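The structure appears below as structure tokens.
The values are calculated or read from the model by the stated rules, or taken from the named source; none is laboratory data. Bear in mind that the values here come from a model prediction, so they are computed numbers and not experimental data. A quick note on method: Cβ atoms are made from the backbone with ideal geometry, for glycine too, and the neighbour counts reach across all protein chains shown.
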Amino acid sequence: MNKQELYDLIDKVADCMMHLDAGDFKEVCPVSNIDIDKWEWPQGLGMYALYRYYKISGRDEILQWLLAWYDRHLEKGLPAKNINTTVPLLALSYLYEHKPNPKYLEVIGEWAEAIMHEFPRTEEGGFQHSGSGIDYLYGQLWDDTLVMTGLFLGRAGMLLNKKEYIVECERQFLVHAKYLCNVKNGLWYHGWTFGGRHNFSEAFWGRGNCWISFAIADLLDFEGISESVRLYLQGVLYAQVKTLKEYQAENGMWHTLLDDPDTYVESSATAGIGYGILKGVRMGYLPEEYREVGKKAVQGICERITEKGAVLDVSYGTNVGESLEDYKEIPLCVMPYGQALTILLLTEAEFVL
């Protein structure tokens, strides 16, 4: 595949995402996780992926679509603030740098202050995971949170010259690593609860681990991250990826439960993990030997992209499961985050063509 063929493929995936709606799929989430015109975490990841693609391709139509999406939502008003609804602010922080707009900066500052002073905390100051219509997560840490809110808070600290935001971002990565990372194999559990002090079903959930590969690879780019935290997180990423290599299927995919080959292979997990690995190798955070692991993930994902750009084998939104069986029953459908993580993976694939 040459660069033009790669861009043509990304265009198809992006176009499919920019026109997604739920159709006949019966969603269980109170706000659609599929409809691209909603302000929620799956759509926020879509905006971030589109911005990253715009930066490497220079395609102005992508930029204009993004600006229109944000201006439309800011005009009608944003939803209640929680961990998940923070995600669209990540791409907005980059858009502000590229095309300064005082309204964008005002919203970034308002949400960052709310995260710092209003978002519920667990013991040791961790961000208690929260989402629209979810009110039962007292004392819970989820691995999702580092992508959903942690990265944005670090970005806000950089834009607003608020060192305390960057320090808080670092703390969230450290607290979550303490309670969610398995020290024996480097993989991450989906959740932890201080009510009972356990990791629920001890699931090594595929997409949850992709959030970590993705989050660490991106955080290490940020200015202002202390050298000790940077080195620590490089070690965390390396420990995770060593084990991920062992669990990668022959077709380049990872399973929705990483250590259970009888569970279905899952595209969003594979794309996000592949992205983190390829970026980690490119930036020098991971040894060169893992480049082939990332390239195998690209191959596996490309085999699951339809002619119309839909990424198949993506699981629907997934709460922390009380049992491992809960993860096996999540339905598969085309999702904004499946499209988004695939775009991110393919933008990194440009550097290994």
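Please verify whether region 248-261 includes one or more residues that are touching an Asp or Glu at 6+ places or on another chain (Cβ under 6 Å), crowded, with 20+ Cβ neighbours inside 10 Å, in contact (Cβ under 8 Å) with a residue 40 or more places away in the chain and more than 29 Å from Pro331 (Cα to Cα).
Just the residues of region 248-261 that are touching an Asp or Glu at 6+ places or on another chain (Cβ under 6 Å), to begin with: 256.
If we keep only those that are crowded, with 20+ Cβ neighbours inside 10 Å as well, we get 256.
When the remaining residues are screened for being in contact (Cβ under 8 Å) with a residue 40 or more places away in the chain, the result is 256.
After this cut, where a residue has to be more than 29 Å from Pro331 (Cα to Cα) as well, the list is none.
Within region 248-261 (the criterion being touching an Asp or Glu at 6+ places or on another chain (Cβ under 6 Å), crowded, with 20+ Cβ neighbours inside 10 Å, in contact (Cβ under 8 Å) with a residue 40 or more places away in the chain and more than 29 Å from Pro331 (Cα to Cα)), the answer is no, since none of the residues qualifies.
Filter region 1-56 down to the residues that are hydrophobic (A, V, I, L, M, F, W, C), modelled with pLDDT under 90 and within 19 Å of Pro88 (Cα to Cα) and list them by number. Full working, then the answer.
Step one: filter region 1-56 for residues hydrophobic (A, V, I, L, M, F, W, C), giving 1, 6, 9-10, 13-14, 16-18, 20, 22, 25, 28-29, 31, 34, 36, 39, 41, 45, 47, 49-50, 56.
If we keep only those that are modelled with pLDDT under 90 too, we end up with 1, 22, 25, 28-29, 31.
Residues satisfying the conditions are Cys29, Val31.
In the set Thr342, Thr318, which member is crowded, with 22+ Cβ neighbours inside 10 Å and polar (S, T, N, Q)? Spell out the reasoning first.
Values: Thr318 fails: crowded, with 22+ Cβ neighbours inside 10 Å.
Only one candidate passes the filter, namely Thr342.
Checking Glu5 against (1) out of contact with any Phe, Trp or Tyr (no Cβ under 6 Å at 6 or more places or on another chain); (2) crowded, with 17+ Cβ neighbours inside 10 Å; (3) in a helix (DSSP H, G or I), which test does it fail?
Glu5 satisfies every listed condition except (2).
Please go through region 242-283 and give me each residue that is out of contact with any helix residue (DSSP H, G or I) (no Cβ under 6 Å at 6 or more places or on another chain) and closer than 23 Å to Tyr53 by Cβ, ordered by number.
Within region 242-283, Met283 is the sole residue that qualifies.
What is the one condition in (1) aromatic (Phe, Trp, Tyr); (2) buried (at least 19 other Cβ atoms within 10 Å of the Cβ); (3) farther than 22 Å from Thr122 by Cα that Trp188 does not satisfy?
Exception for Trp188: condition (3).
Give the residues of region 100-122 that are assigned to a helix (DSSP H, G or I), touching a residue at least 24 places away in the same chain (Cβ under 8 Å) and more than 24 Å from Leu344 (Cα to Cα), sorted by residue number.
Initially, region 100-122 is screened for residues assigned to a helix (DSSP H, G or I), giving 102-117.
Subsequent filtering for residues that are touching a residue at least 24 places away in the same chain (Cβ under 8 Å) retains 103-105, 107-109, 111-112, 114-116.
Matches in region 100-122: Lys103, Leu105, Val107, Gly109, Trp111, Ala112, Ala114, Ile115, Met116.
Whether any residue in region 328-337 is of a type in the set (Ser, Thr, Tyr), under 30 Å from Ser130 (Cβ atoms), surrounded by 24 or more Cβ atoms within 10 Å (Cβ to Cβ) and in contact with an Asp or Glu (Cβ under 7 Å, 6 or more places away or on another chain) is what I want to check. Before you say what the answer is, go through the steps one by one.
Initially, region 328-337 is screened for residues of a type in the set (Ser, Thr, Tyr), giving 337.
Restricting the remaining residues to those that are under 30 Å from Ser130 (Cβ atoms) gives 337.
Next, only the ones that are surrounded by 24 or more Cβ atoms within 10 Å (Cβ to Cβ) stay: 337.
Of the ones still in play, those that are also in contact with an Asp or Glu (Cβ under 7 Å, 6 or more places away or on another chain) are none.
The answer is no, given that none of the residues of region 328-337 is of a type in the set (Ser, Thr, Tyr), under 30 Å from Ser130 (Cβ atoms), surrounded by 24 or more Cβ atoms within 10 Å (Cβ to Cβ) and in contact with an Asp or Glu (Cβ under 7 Å, 6 or more places away or on another chain).
Give the residue, chosen from Arg207, Arg197, that is of a type in the set (Lys, Arg) and buried (at least 20 other Cβ atoms within 10 Å of the Cβ). Show your work before the answer.
On the way: Arg197 fails: buried (at least 20 other Cβ atoms within 10 Å of the Cβ).
Exactly one residue qualifies, and that residue is Arg207.
For region 123-162, give me each residue that is within 18 Å of the chain's Cα centre (by Cα), part of a helix (DSSP H, G or I) and free of Cβ contacts under 8 Å to residues at least 60 places away in the same chain. Step through it out loud before you land on a result.
From region 123-162, those within 18 Å of the chain's Cα centre (by Cα) are 127-132, 141-156; that's our starting set.
Imposing the further condition that a residue be part of a helix (DSSP H, G or I) reduces the set to 145-156.
Listed by number, the list holds a single entry, Leu153.
Just the residues that are farther than 30 Å from Gly196 by Cβ and of a type in the set (Ser, Thr, Tyr), please, taken from region 301-353.
Residues of region 301-353 that are farther than 30 Å from Gly196 by Cβ, as a first pass: 301-314, 332-336, 338-353.
Answer for region 301-353, where residues must be farther than 30 Å from Gly196 by Cβ and of a type in the set (Ser, Thr, Tyr): Thr306, Thr342, Thr347.
Among the numbered criteria (1) in a helix (DSSP H, G or I); (2) exposed (fewer than 15 other Cβ atoms within 10 Å of the Cβ); (3) free of Cβ contacts under 8 Å to residues at least 60 places away in the same chain, which single criterion is violated by Glu97?
So Glu97 meets the others, but not (3).
Out of the residues in region 222-247 that are in contact (Cβ under 8 Å) with a residue 40 or more places away in the chain and of a type in the set (A, V, I, L, M), which is surrounded by the most Cβ atoms within 10 Å (Cβ to Cβ)?
Here is the first cut: in region 222-247, the residues in contact (Cβ under 8 Å) with a residue 40 or more places away in the chain are 222-226, 229, 232-234, 236-245.
Right, trim to of a type in the set (A, V, I, L, M) and you get 225, 229, 233, 236-237, 239, 241, 244.
Values: Ile225: 20, Val229: 18, Leu233: 22, Val236: 18, Leu237: 23, Ala239: 17, Val241: 25, Leu244: 27.
It comes out as Leu244.
Just for region 274-284: of the residues that are of a type outside the set (Lys, Arg) and assigned to a helix (DSSP H, G or I), which one is farthest from the chain's Cα centre (by Cα)? Lay out the reasoning, then the answer.
Narrowing region 274-284 to residues of a type outside the set (Lys, Arg): 274-278, 280-281, 283-284.
Narrowing the set further to residues that are assigned to a helix (DSSP H, G or I) leaves 274-278, 280-281.
On the way: Gly274: 12, Tyr275: 10, Gly276: 10, Ile277: 14, Leu278: 15, Gly280: 15, Val281: 18 Å.
Once the filter is applied, the top-ranked residue is Val281.
Can you tell me which residue within region 286-317, out of those that are part of a loop (DSSP other than H, G, I, E, B) and acidic (Asp, Glu), is farthest from Gln234 (Cα to Cα)? Reasoning before the result, please.
Just the residues of region 286-317 that are part of a loop (DSSP other than H, G, I, E, B), to begin with: 286-287, 303-304, 306-310, 312-314, 316-317.
After this cut, where a residue has to be acidic (Asp, Glu) as well, the list is 303, 307, 313.
Working: Glu303: 31, Glu307: 37, Asp313: 30 Å.
Residue satisfying both the conditions and the ranking: Glu307.
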